[in-house]
1. Considering each of 103, 96, 29, 107 in turn, give the residue that is farther than 13 Å from residue 8 by Cα, free of Cβ contacts under 8 Å to residues at least 24 places away in the same chain and outside any loop (DSSP other than H, G, I, E, B).
2. Name every residue in segment 76-100 that is surrounded by fewer than 16 Cβ atoms within 10 Å (Cβ to Cβ) and modelled with pLDDT of 95 or more, in order of residue number.
3. Could you tell me whether segment 43-56 includes any residue that is modelled with pLDDT of 95 or more and within 26 Å of residue 111 (Cβ to Cβ)?
4. Can you confirm whether segment 8-26 contains a residue that is polar (S, T, N, Q), assigned to a helix (DSSP H, G or I), touching a Leu at 6+ places or on another chain (Cβ under 8 Å) and surrounded by fewer than 17 Cβ atoms within 10 Å (Cβ to Cβ)?
5. For segment 12-67, which positions are polar (S, T, N, Q) and touching an Asp or Glu at 6+ places or on another chain (Cβ under 6 Å)?
6. Is it true that residue 66 is at negative phi, surrounded by fewer than 19 Cβ atoms within 10 Å (Cβ to Cβ) and at pLDDT 95 or above?
7. Return the only residue of 40, 44 being assigned to a loop (DSSP other than H, G, I, E, B), surrounded by 14 or more Cβ atoms within 10 Å (Cβ to Cβ) and in contact with a helix residue (DSSP H, G or I) (Cβ under 8 Å, 6 or more places away or on another chain).
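The values are calculated or read from the model by the stated rules, or taken from the named source; none is laboratory data. All values reported here derive from a predicted model rather than from experimental measurement. Ideal geometry is used to build each Cβ from the backbone, glycine not excepted, and the neighbour counts take in all protein chains shown.
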Amino acid sequence: TDPPTFQALSQWNRITISHDGPTRTLARAEVPDLNGYLGSAAISAVGPRPLSTKPEWKATLQLNNQVLAVLEVAEAQVRWREGKTPPATGVPSAQALVSLRQALGDALRLPVETAQAAPTVPPTGTDSAEAAAAPRP
C-alpha cells in the first residue's frame, strides 16, 4: 500500500472544521496560517494503526467542493485520509498537537463576514457643530 502523499496540503481552497458539534467552512484565505499547523501534524500519519480514542477535531480539506483529504485529531494521534489511499495514523509532537488545536479553535471563532455590511456614517460630534456655529473673524 502506498503511503499518503499529503498533496492536499498544497491544493485545498476550502476547509470544513468540526469540533464536538460546531462546524465551520472557511476559505483558505481566511485562515492563512492554518496550513502550517495542519502539515506539522499530518505528516506524522504514516502507519495503518487505528486511533486509540475518538477524534475530537475533524478538518476536511476541499478543492472546489471536492474532498481532497480529512485530518482527524484524537487525544495524542492524528489520522489522515487522502484520496483513495487507506487512512494513516501518526503521533505528532505534543507541541504540534497543542498548536493545531489552538489554530483550529481560533478558526472556529473567527467573526462571520456578513454579505451586507452596515453603511458607514460619518461621526457627528459637538466639535463639528461647535465649529459651524462659532463666529468667524
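1. 29
2. Scanning segment 76-100 gives 76, 93, 94, 95, 98.
3. So far as segment 43-56 goes, yes, one or more of its residues are modelled with pLDDT of 95 or more and within 26 Å of residue 111 (Cβ to Cβ).
4. yes
5. Residues of segment 12-67 that are polar (S, T, N, Q), as a first pass: 13, 16, 18, 23, 25, 35, 40, 44, 52-53, 60, 62, 64-66.
Within segment 12-67, 53 is the sole residue that qualifies.
6. In short, yes.
7. Details: 40 fails: assigned to a loop (DSSP other than H, G, I, E, B).
44 is the lone residue from the list that is assigned to a loop (DSSP other than H, G, I, E, B), surrounded by 14 or more Cβ atoms within 10 Å (Cβ to Cβ) and in contact with a helix residue (DSSP H, G or I) (Cβ under 8 Å, 6 or more places away or on another chain).
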